[in-house]
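Here's the structure we're looking at; comments come further down.
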Amino acid sequence: MSLLTPPRITGSSVRAGDRNFRFVTTGAGLTVLGVLAAIAAFLVWQSLPALQNNTGNVVTNQLWLPDADPPQWGIAVLIFGTLWTSIIAMAIAVPIGIGTALFITFYAPRRVARTLGFIVDLLAAVPSIIFGLWGLYYFMPEIVPAAQWLSTYLGWIPIFSNDLDLYTKSILIAGFVLAMMILPTVSAISREVFWQVPKGHIEASLALGATRWEMIRMAVLPFSRPGMISAAMLGLGRALGETIAVALILSAVFDINWQITEPGGNSIAANIALKWGEAAGNGRSALIATGMVLFFITLVVNMTARWVVNRRKEFSGAD
Amino acid sequence: MALRSDIHAPIAAGEDPLRLTGRRLPRWAPIAALAVGLLVGLAVQVTGVTIIGLAPVIVAVLVFLIVYTGWTLAVEGRRHAGDRLATALMYSAATLALVPLVWILVTVVINGLTVLSPQFLFADTMRNVNPRAAGGGVAHAVLGTVQQVGIATLISVPIGLLTAIYLSEYGRGKLARSINFFVDVMTGIPSIVAGMFIYTFWILTLGFPQSGFAAGLALTILMVPVVVRSAEEMLRIVPNELREGALALGIPKYRVILKVVLPTAISGIITGVMLAIARVTGETAPLLLTTFLAQDVNWNAFDGSQASLPTFIWDQIARGTQSSLDRAWAGALTLILIVVAFYATARILAARYAPKER
């Protein structure tokens, strides 16, 4: 028996309580993955019936008659409407959102910046049904004269032309309202990205005599370009899936129409909300099929955007 | 060193070509330019030459931008003109971003107050109320919203909190990274897709009836990622010294998390939960697919359609009469008040219990 023998450590090295707790938390994390997988699986499974008995071409058909006999429907009109409204919304929200983010990060005094940031974030908390209600009864009357002006003076540009001489419930108005709804997303993510710009770059360019705008153009914007792109894409994801405001504002005409000042337009999500109540079995299955398409589109958009943001985070410590 | 003519404004006749600083606009220049813009805008307003709805405002802004930039270009040169123009544009963008919120809030409050009353809020329902007639109320919808959001909170807080603990305390490697990534992706799921999933899973496949509980499940899917993100952020700012100190005393890790880390972060976590509740309270689309509309009180969240504030507003807008529209606005005001109450509570909690800087 040597005195130098180390004492034997007794018991298991992991306590039961530790093991169980770790197990439970990991399980909770896995449910998140499970739910995402389940969403994809169930939407695909439940849309199969309508996809199988569809006599039209799912991609190109421009009718929506899933409850007719034989059923005939296609998603072209809905995809077009979804993308077109979202593009209009992006064209308005991205410049204003990035401008606001730049103002908050580089121009405003700290107190003002904080309040302004809070107010813009608060816009995200306004329920979409209220956006729709307000858009329909207060915003639309204000925009109609502007739409009239656009089609009168810029009508030679095809998208502004107006053959019906009606200006309400148009894609333009839906685009404006969508823009307000995605503004907080674009602005918040851009702000986060601008914060990550190394202080050294900013100070260096100012010290070399750059004006503030030159500093932003030469030090901030190049550094944050990927982040700004993903901010725009996250806004796009929001706009693509927005349902109620679009359903209330557009007049839900089922055809492809580029003219943004005319009444009309449609989107996948709005179409689901409007048709769900009256749809029979096959109709619901067809709606689920469109929902599945929406899910995968937003999934791809969000994954790309997040991937870019996360990649940025890893080497943003460079200072 | 003389000023470079390609950067600075050309040197005037009587000026010293060897001076070191460029000419600057006076400090009151932006205000003066803005005043000119406003005057022109006012003139447009008075003469009534309105081309488009907001013509005076647009004209005022344009005139301001042109005067201000042009003036700078003449006095300070091209670089400074660009700088001033960018500054002016950013101020405009920030002002523009404020407009919708203020406009919406004012509209909702003014229109909502016409029929809002305690009777409307807590006693009356839409049972046997003719769409054309005045009267009726949101009592059934408030009950539904409270139950559905309550269910969503009860389910999503444990899942979200445990996931956040996993991510901040245990998660290393591939699995943690992918969970982290997909939580972010999940925040972007369209709300109608969440409702559709619960419809296909809970109602079609498992055969349960439309119910407030199904709506609660749909809201859960929207709420979990928000709770995870905010809770994880709060757990991450708990100082490592606290964890190390407790672990060094021989306390098991799970007890360190439960007794040291969580209590330290709890106020921030509650704030995050409040914000998440405020987010999902206004969701309409998933409720339309999972519980649809109801005109009367339904206490049982597990069976049958249940009303809620957002679907109440949707229904009243669809009816399209003046009195139903009044009810829609009052419902909207109720909804806004609930959301603002949660937001305000969250802000107050966050301000009161924020970790103090040493």
Next on the checklist: I need the helices (runs of 4 or more DSSP H) fully contained in segment B:137-249, keeping only those with at least 3 residues that are in the same structural domain as B:Ala294 (by TED's automatic domain parsing) and not hydrophobic (A, V, I, L, M, F, W, C).
Outcome noted: B:139-165, B:173-186, B:212-236, B:240-248
Checklist entry - Does segment B:181-192 contain at least one residue that is at the interface with chain A (Cβ under 9 Å from one of its Cβ atoms), within 19 Å of B:Thr163 (Cβ to Cβ) and modelled with pLDDT of 95 or more? => result no
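Suppose we filter segment A:93-115 for residues that are closer than 20 Å to A:Val177 by Cα, within 10 Å of chain B (Cβ to nearest Cβ) and surrounded by 19 or more Cβ atoms within 10 Å (Cβ to Cβ); how many remain? Step through it out loud before you land on a result.
Of the residues in segment A:93-115, the ones closer than 20 Å to A:Val177 by Cα are A:93-101.
Then drop every residue that is not within 10 Å of chain B (Cβ to nearest Cβ), which leaves A:93, A:95-101.
Now restrict to residues that are surrounded by 19 or more Cβ atoms within 10 Å (Cβ to Cβ): A:93, A:96-101.
Result for segment A:93-115: 7.
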Checklist entry - Hey, among B:Ala74, B:Ala29, which residue is crowded, with 17+ Cβ neighbours inside 10 Å, at pLDDT 85 or above and over 34 Å from the mean Cα position of the chain (by Cα)? => result B:Ala29
Next on the checklist: Residues that are in contact with a Leu (Cβ under 6 Å, 6 or more places away or on another chain), within 14 Å of chain A (Cβ to nearest Cβ) and surrounded by fewer than 21 Cβ atoms within 10 Å (Cβ to Cβ): does segment B:97-106 have at least one?
Outcome noted: yes
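Quick check: anything in segment A:210-230 under 17 Å from A:Ser170 (Cβ atoms) and within 12 Å of chain B (Cβ to nearest Cβ)? Can you show your working first?
Of the residues in segment A:210-230, the ones under 17 Å from A:Ser170 (Cβ atoms) are none.
No; the residues of segment A:210-230 include none that is under 17 Å from A:Ser170 (Cβ atoms) and within 12 Å of chain B (Cβ to nearest Cβ).
Quick check on A:Gly27: is it within 14 Å of chain B (Cβ to nearest Cβ), over 29 Å from A:Ala124 (Cβ atoms) and either surrounded by fewer than 16 Cβ atoms within 10 Å (Cβ to Cβ) or without any contact (Cβ under 8 Å) to a residue 24 or more places away in the chain (or both)? Talk me through it step by step, then tell me what you get.
Values: within 14 Å of chain B (Cβ to nearest Cβ): yes; over 29 Å from A:Ala124 (Cβ atoms): yes; either surrounded by fewer than 16 Cβ atoms within 10 Å (Cβ to Cβ) or without any contact (Cβ under 8 Å) to a residue 24 or more places away in the chain (or both): yes.
Yes; evaluated as a whole, the condition is true for this residue.
Do we find that B:Gly112 is farther than 30 Å from B:Phe302 by Cα and surrounded by fewer than 16 Cβ atoms within 10 Å (Cβ to Cβ) in this structure?
On the way: farther than 30 Å from B:Phe302 by Cα: yes; surrounded by fewer than 16 Cβ atoms within 10 Å (Cβ to Cβ): no.
No.
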Checklist outcome for this item: Apart from one, (1) more than 12 Å from chain B (Cβ to nearest Cβ); (2) in a helix (DSSP H, G or I); (3) touching a helix residue (DSSP H, G or I) at 6+ places or on another chain (Cβ under 6 Å); (4) aliphatic (A, V, I, L, M) all hold for A:Ala204; the odd one out is (3)
Item to check | Subset of segment A:116-136 (residues that are modelled with pLDDT of 90 or more and more than 8 Å from every other protein chain (Cβ to nearest Cβ)) | outcome: A:Gly135
Checklist entry - Of all residues in segment B:94-127, how many are in contact (Cβ under 8 Å) with a residue 12 or more places away in the chain and of a type outside the set (Asp, Glu)? => result 17
Checklist entry - From the list B:Arg236, B:Arg255, which one is more than 24 Å from A:Asn282 (Cα to Cα), at pLDDT 90 or above and either at the interface with chain A (Cβ under 9 Å from one of its Cβ atoms) or surrounded by 18 or more Cβ atoms within 10 Å (Cβ to Cβ) (or both)? => result B:Arg255
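Any idea which residue in segment A:153-180 is farthest from A:Phe139 (Cα to Cα), counting only those that are of a type in the set (Val, Ile, Thr) and in a loop (DSSP other than H, G, I, E, B)?
Residues of segment A:153-180 that are of a type in the set (Val, Ile, Thr), as a first pass: A:157, A:159, A:168, A:171, A:173, A:177.
Next, only the ones that are in a loop (DSSP other than H, G, I, E, B) stay: A:157, A:168.
Numbers: A:Ile157: 24, A:Thr168: 11 Å.
In this case the residue turns out to be A:Ile157.
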Checklist entry - Out of segment A:30-48, which residues are under 27 Å from B:Ser168 (Cβ atoms) and at the interface with chain B (Cβ under 7 Å from one of its Cβ atoms)? => result A:Thr31, A:Val32, A:Leu33, A:Val35, A:Leu36, A:Ala38, A:Ile39
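Mind telling me which of the residues A:Ile268, A:Ile272, A:Ile260 ends up being surrounded by 16 or more Cβ atoms within 10 Å (Cβ to Cβ), closer than 20 Å to A:Met181 by Cβ and away from every other protein chain (no Cβ under 14 Å)? Write out each step before concluding.
Working: A:Ile268 fails: away from every other protein chain (no Cβ under 14 Å); A:Ile272 fails: away from every other protein chain (no Cβ under 14 Å).
Selected residue: A:Ile260, the only one of A:Ile268, A:Ile272, A:Ile260 that is surrounded by 16 or more Cβ atoms within 10 Å (Cβ to Cβ), closer than 20 Å to A:Met181 by Cβ and away from every other protein chain (no Cβ under 14 Å).
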Checklist outcome for this item: The one condition B:Ala278 fails out of (1) small (Gly, Ala, Ser); (2) in a helix (DSSP H, G or I); (3) surrounded by fewer than 19 Cβ atoms within 10 Å (Cβ to Cβ) is (3)
Next on the checklist: Any residue at all in segment B:300-320 that's without any contact (Cβ under 8 Å) to a residue 24 or more places away in the chain, surrounded by 15 or more Cβ atoms within 10 Å (Cβ to Cβ) and more than 12 Å from every other protein chain (Cβ to nearest Cβ)?
Outcome noted: no
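Would you pick out the residues in segment B:197-212 that are closer than 30 Å to A:Met233 by Cα, touching a Phe, Trp or Tyr at 6+ places or on another chain (Cβ under 8 Å) and crowded, with 24+ Cβ neighbours inside 10 Å? So that I can check it myself, show each step before the final result.
As a first pass, look at segment B:197-212 and keep what is closer than 30 Å to A:Met233 by Cα: B:197-201.
Of the ones still in play, those that are also touching a Phe, Trp or Tyr at 6+ places or on another chain (Cβ under 8 Å) are B:197, B:200-201.
Passing the criteria: B:Phe197, B:Thr200.
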Checklist entry - Being among the small types (Gly, Ala, Ser) and in a helix (DSSP H, G or I), is that true of even one residue in segment B:58-70? => result yes
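Residue-by-condition table, conditions (1) within 28 Å of B:Leu219 (Cβ to Cβ); (2) not small (Gly, Ala, Ser):
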residue: A:Phe21; (1), (2): yes, yes
residue: A:Thr31; (1), (2): yes, yes
residue: A:Ser47; (1), (2): yes, no
residue: A:Ala76; (1), (2): no, no
residue: A:Ile96; (1), (2): no, yes
residue: A:Ala113; (1), (2): no, no
residue: A:Leu116; (1), (2): no, yes
residue: A:Gly132; (1), (2): yes, no
Checklist entry - Of A:Ala174, A:Ala204, A:Ala219, A:Ala179, which residue is out of contact with any Cys (no Cβ under 8 Å at 6 or more places or on another chain), free of Cβ contacts under 8 Å to residues at least 24 places away in the same chain and surrounded by 17 or more Cβ atoms within 10 Å (Cβ to Cβ)? => result A:Ala219
Next on the checklist: Given the condition farther than 30 Å from B:Val256 by Cα, of a type in the set (Val, Ile, Thr), free of Cβ contacts under 8 Å to residues at least 40 places away in the same chain and within 12 Å of another protein chain (Cβ to nearest Cβ), answer yes or no: does some residue in segment B:79-93 qualify?
Outcome noted: yes
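Do you know which of the residues in segment B:289-299 that are polar (S, T, N, Q) and farther than 12 Å from B:Val138 by Cα is surrounded by the most Cβ atoms within 10 Å (Cβ to Cβ)? Talk me through it step by step, then tell me what you get.
As a first pass, look at segment B:289-299 and keep what is polar (S, T, N, Q): B:290-291, B:295, B:298.
Those left that are additionally farther than 12 Å from B:Val138 by Cα: B:290-291, B:298.
Working: B:Thr290: 28, B:Thr291: 30, B:Asn298: 19.
Checked segment B:289-299; the qualifying residue surrounded by the most Cβ atoms within 10 Å (Cβ to Cβ) is B:Thr291.
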Checklist entry - Which condition breaks for A:Ile143 when tested against (1) within 9 Å of another protein chain (Cβ to nearest Cβ); (2) closer than 29 Å to A:Arg225 by Cα; (3) among the β-branched types (Val, Ile, Thr)? => result (2)
Checklist outcome for this item: The lone condition B:Leu335 fails out of (1) more than 11 Å from chain A (Cβ to nearest Cβ); (2) buried (at least 22 other Cβ atoms within 10 Å of the Cβ); (3) closer than 30 Å to B:Met234 by Cα; (4) not hydroxyl-bearing (Ser, Thr, Tyr) is (1)
Checklist outcome for this item: Within segment A:53-98, restricting to residues that are within 25 Å of the chain's Cα centre (by Cα) and of a type in the set (Phe, Trp, Tyr), the one that is farthest from A:Pro222 (Cα to Cα) is A:Phe80
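Could you count how many residues in segment A:251-279 are outside any helix (DSSP H, G or I) and closer than 22 Å to B:Ser191 by Cα? I'd like the intermediate steps shown before the answer.
As a first pass, look at segment A:251-279 and keep what is outside any helix (DSSP H, G or I): A:251-267, A:276-279.
Within this subset, residues satisfying the condition of being closer than 22 Å to B:Ser191 by Cα are A:251-252, A:265-267, A:276-279.
Number satisfying all stated conditions: 9.
The values are calculated or read from the model by the stated rules, or taken from the named source; none is laboratory data. What you are looking at is a predicted structure, and each value in this text was computed from that prediction instead of being measured. Glycine gets a Cβ as well: all are built from the backbone with ideal geometry, and neighbour counts include every protein chain shown.
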